[in-house]
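Trainee: Submitted below is the structure of interest, expressed as structure tokens.
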Amino acid sequence: MSLFFDVVSGLLILTGALLAFTAAIAIIRFPDTLTRMHAATKPQVIGLILILVGAAIQLRNDGQAWMLALTGLFTMLTAPVIAHLLGRTAYREQRNRDGLLRINELGDDIDDV
Amino acid sequence: MTVVAVIAGVLLIAAAGLTCFRILAGPSTLDRVVGIDSLTAIAASGLAVWAAYDRDTTDVPAIVALALVGFLGSAAVTRFRVQDDR
């Protein structure tokens, strides 16, 4: 039974580390602040949560595993807030690659004001 | 478990290096904020991998504190920064 838990947590940790690595490659390669933010937010959060679940499986006999769950919950709460702030500021200040948007609700609202 | 920890550590260190390159080279402040935010997540992942490898729960509060402080730093810099001239 212990070997089963080891294998599961090892697979989770490896997948999470691989997701963090691909997110870093995307942060290097993508051309724009918005696309970089997209690449930084999602795989980073999912990879961090996978690694935290793997670590919590390893630390399952300890009460501290609940703090790892708390960290995962907090990351899921705060990552959209940072992405929202960054995306809004990036849209307002550097409007590169404007022609890619088909529907631009934020731009219409800003133009109205 | 040692093999998993070594492979995950190598991947996370490579990710941290690439993110550091983006922090150094980013054209605007927002790119640097993106890089710093992702570097905080990578550091928390590294601490979690170390806690899973060592079965030592001393650094679990450090992971929580890192997530909190990273959120506050990124939000504050994004909200109150001055627009850099291009």
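We did not get these values from a lab; they are worked out from the coordinates using the rules stated. It should be emphasised that the depicted structure is a prediction, and the values quoted were computed from it without experimental measurement. Quick reminder, even Gly has a Cβ in these numbers, built from the backbone with ideal geometry, and neighbours come from all protein chains shown.
Trainee: Please work out the FRET efficiency for the pair A:MET1 and A:PHE74, using the Cβ-Cβ distance as r and a Förster radius of 30 Å; give the result to the nearest 0.05.
Mentor: Numbers: r = 31 Å, r/R0 = 1.03.
After rounding to 0.05, the efficiency reads 0.45.
Trainee: Quick check for me: using +1 on Lys/Arg Cβ and -1 on Asp/Glu Cβ, what's the dipole size of chain B about its Cα centre, in debye to the nearest 20? Can you show the working numbers first?
Mentor: On the way: 6 positive and 7 negative charges, 42 e Å.
Here the size comes out at about 200 debye.
Trainee: On to the next question. Quick one: putting +1 on the C-beta of Lys and Arg, -1 on the C-beta of Asp and Glu, what dipole do you get for chain A around its Cα centre, in Debye to the nearest 20?
Mentor: Roughly 340 debye, rounded to the nearest 20.
Trainee: Now for a separate question. Report, as an integer, the average count of C-beta atoms from other chains found within 10 Å of each Cβ along A:74-84.
Mentor: Details: counts 4, 7, 0, 2, 8, 5, 0, 4, 9, 3, 2.
Average per residue, whole number: 4.
Trainee: If you project the alpha carbons of chain B onto the principal axes, what extent comes out on each, in Å, largest first?
Mentor: That gives 49, 24, 10 Å along the principal axes, largest extent first.
Trainee: For the protein assembly as shown, what number results from the quotient of the Cα radius of gyration and 2.2 N^0.38 Å?
Mentor: Details: Rg = 18.1 Å, N = 199, 2.2 N^0.38 = 16.4 Å.
So the protein assembly as shown has a normalised radius of gyration of 1.10.
Trainee: For the protein assembly as shown, build the charge dipole from Cβ charges (+1 Lys, Arg; -1 Asp, Glu) around the Cα centre, then report which of B:ALA67, A:LEU34, B:VAL3 sits farthest towards its positive end.
Mentor: Of B:ALA67, A:LEU34, B:VAL3, it is B:VAL3.
Trainee: Can you compute the FRET efficiency between A:TRP66 and B:ARG81 using 1/(1 + (r/R0)^6), with r the Cβ-Cβ distance and R0 = 35 Å? Round to the nearest 0.05. Please report the intermediate quantities before stating the final value.
Mentor: Details: r = 36 Å, r/R0 = 1.02.
With a Förster radius of 35 Å, E is 0.45.
Trainee: Count the net charge of all other residues whose Cβ sits under 15 Å from the Cβ of A:ALA55, scoring Lys and Arg as +1 and Asp and Glu as -1.
Mentor: Net of charged neighbours comes to -3.
Trainee: In deg cm²/dmol, rounded to 500, what helix-only [θ] at 222 nm does chain B give when every DSSP H run of at least 4 residues adds -39500 (n - 2.57) and the total is split over its residues? Write out the running numbers ahead of the final one.
Mentor: Working: 3 runs with 71 residues, N = 86.
So the calculated ellipticity at 222 nm is -29000 deg cm²/dmol.
Trainee: Taking all pairs of different Cα atoms in segment A:26-84, averaging 1/r and flipping that mean, what Kirkwood radius in angstroms comes out?
Mentor: Values: mean 1/r = 0.0797 Å⁻¹.
After inverting the pairwise mean of 1/r, the radius is 12.6 Å.
Trainee: Taking each pair of distinct Cα atoms in chain A once, what is the resulting Kirkwood hydrodynamic radius in Å? Mind dumping the intermediate values first?
Mentor: Details: mean 1/r = 0.0613 Å⁻¹.
Final number for the Kirkwood radius of chain A is 16.3 Å.
Trainee: Enumerate the calculated ³J(HN,Hα) couplings along segment A:64-74 in order (Karplus 6.51 cos²θ - 1.76 cosθ + 1.60, θ = phi - 60°), each rounded to whole Hz, writing x wherever the residue is Gly or Pro.
Mentor: 5, 5, 5, 5, 5, 4, 4, 5, x, 4, 5
Trainee: While we're on this one: Inside 10 Å of the C-beta atoms of B:52-62, what's the mean count of C-beta atoms belonging to other chains?
Mentor: Details: counts 13, 3, 2, 5, 3, 8, 1, 1, 13, 3, 0.
So the per-residue partner count for this stretch is 5.
Trainee: Also, I was wondering about something else. Which distance in nm do the two modelled labels at B:LEU72 and A:ARG88 give, with both placed 7 Å along the Cα-to-Cβ direction?
Mentor: The two pseudo-label positions are separated by 2.1 nm.
Trainee: Taking the Cα centre of the protein assembly as shown as the origin and placing charges on Cβ (Lys, Arg +1; Asp, Glu -1), which of B:LEU47, A:VAL81, A:VAL7 is farthest toward the positive end of the dipole?
Mentor: A:VAL7
Trainee: Next question, about the same structure. Give me the inter-chain shielding for A:60-67: mean count of other chain Cβ atoms within 10 Å, whole number please.
Mentor: On the way: counts 0, 1, 5, 2, 8, 3, 1, 5.
Mean number of neighbouring Cβ atoms from other chains: 3.
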